[in-house]
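> Below: one structure in structure tokens.
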Amino acid sequence: MICCKSFFKEISIILFQDFKQSVKNWKIILIILLYLAALFGSLMLVDKVEAELNKQEVKDSKQLYDSYGAGVQEFEETEFENHNLLLEAQDKYGSLHVLVPLIIGFVILPFIILFVGFDIVSADRFTNSLRHLVSRINRLPIIIGKFISLNLVLFFTTIIFYIISNLYLKFKLDLVIPVKELIHPFVFLILYSAALLSIVTLASTLTKKPFSSLALGVLFLIVSIWILSFDKISFLSVFANFKILFNESLNVKLLNLLRLFLISIVCFAVACFKFERMDV
């Protein structure tokens with residue numbers, strides 16, 4: 001009982017220390033800014049494409065009208081509807097409040113996690129601060145505390161991103177926010193980020209230099225993408241089965257969440273095994 005209490009106390013020490021450091025380093029603000037840059041950048045791109053399509057539609061209709069001549073009354077009275085790509089996407093794939101944050105999160109999270117987590121272990125090894133840390137605290141609570149701390153950072157920033165993106169879409173398109181429909185995509189992004197972070201954490205335990213751990217993290221994610229080309233083992237990729245999030249049964253969606261959870265557990269367990277046996 002005393003050993004267990006000491007174990008969780010050591011985890012909490014590392015957790016709060018790293019979380020506090022993340023706030024001091026503006027890590028949370030930077031992640032939110034990356035999220036928002038991706039959100040508004042993608043929506044601005046959609047608006048630009050939409051404007052070009054509508055412009056081309058008007059140009060084509062004018063040329064067609066000129067070719068028919070002013071005597072064709074039926075064509076003169078024809079009205080051309082403007083494209084609204086966001087609403088068209090909603091008609092095809094479902095609520096934009098689900099679709100937009102989900103796609104942006106799926107694309108941007110690998111970059112965010114590489115940016116904030118590539119040196120989760122290697123940074124302390126490189127500066128030799130890890131040697132001082134392991135002299136006071138057991139190794140396992142150190143890596144668990146660091147992992148949980150960064151997951152909390154990702155959890156809170158994802159919540160903030162969801163709130164901002166949904167409020168923006170509500171005021172931009174005057175759509176009702178489907179709160180219940182947001183639960184599953186949000187849980188998916190949390191488990192997806194945990195799986196990505198476990199892979200990056202494993203990469204960080206394999207080398208002492210932060211740059212090398214970044215290169216390994218990128219390599220691991222590239223391999224995960226490459227695995228998608230093999231049908232029999234594609235389920236091992238953290239990027240697999242994204243289409244399951246749309247128009248699939250609840251059981252299939254839950255199995256996909258379980259798959260991400262297991263990837264997180266396995267990769268993090270290997271990272272812990274390596275961390276406990278490496279030289280500091």
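> Contact list please: Cβ distance under 7 Å, first residue in the stretch 265-278 and among the β-branched types (Val, Ile, Thr), second residue assigned to a helix (DSSP H, G or I), pairs at least six apart or on different chains.
270/202
> If you don't mind, there's one more thing I want to ask. Which of the residues belonging to the stretch 198-210 are of a type outside the set (Ser, Thr, Tyr) and surrounded by fewer than 23 Cβ atoms within 10 Å (Cβ to Cβ)?
Our first condition is that a residue be of a type outside the set (Ser, Thr, Tyr); within the stretch 198-210, this holds for 199-200, 202-203, 206, 208-210.
Selection gives 206, 208, 209, 210.
> Suppose we filter the stretch 159-178 for residues that are in contact with a helix residue (DSSP H, G or I) (Cβ under 9 Å, 6 or more places away or on another chain), in a helix (DSSP H, G or I) and β-branched (Val, Ile, Thr); how many remain?
3
> Follow-up question, since we're still on this one. Restricting to the stretch 225-238, name every residue that is without any contact (Cβ under 8 Å) to a residue 40 or more places away in the chain, closer than 14 Å to residue 260 by Cβ and of a type outside the set (S, T, N, Q).
235, 236
> Within the stretch 212-229, take every residue that is part of a helix (DSSP H, G or I) and of a type in the set (S, T, N, Q) and give me the one that is surrounded by the fewest Cβ atoms within 10 Å (Cβ to Cβ).
That would be 212.
The numbers here are math on the coordinates, done by the rules we state, and not lab data. Quick caveat, the model's predicted, so the values are computed rather than measured. Positions of Cβ are generated from backbone atoms using ideal geometry, with glycine treated the same way; all protein chains shown enter the neighbour counts.
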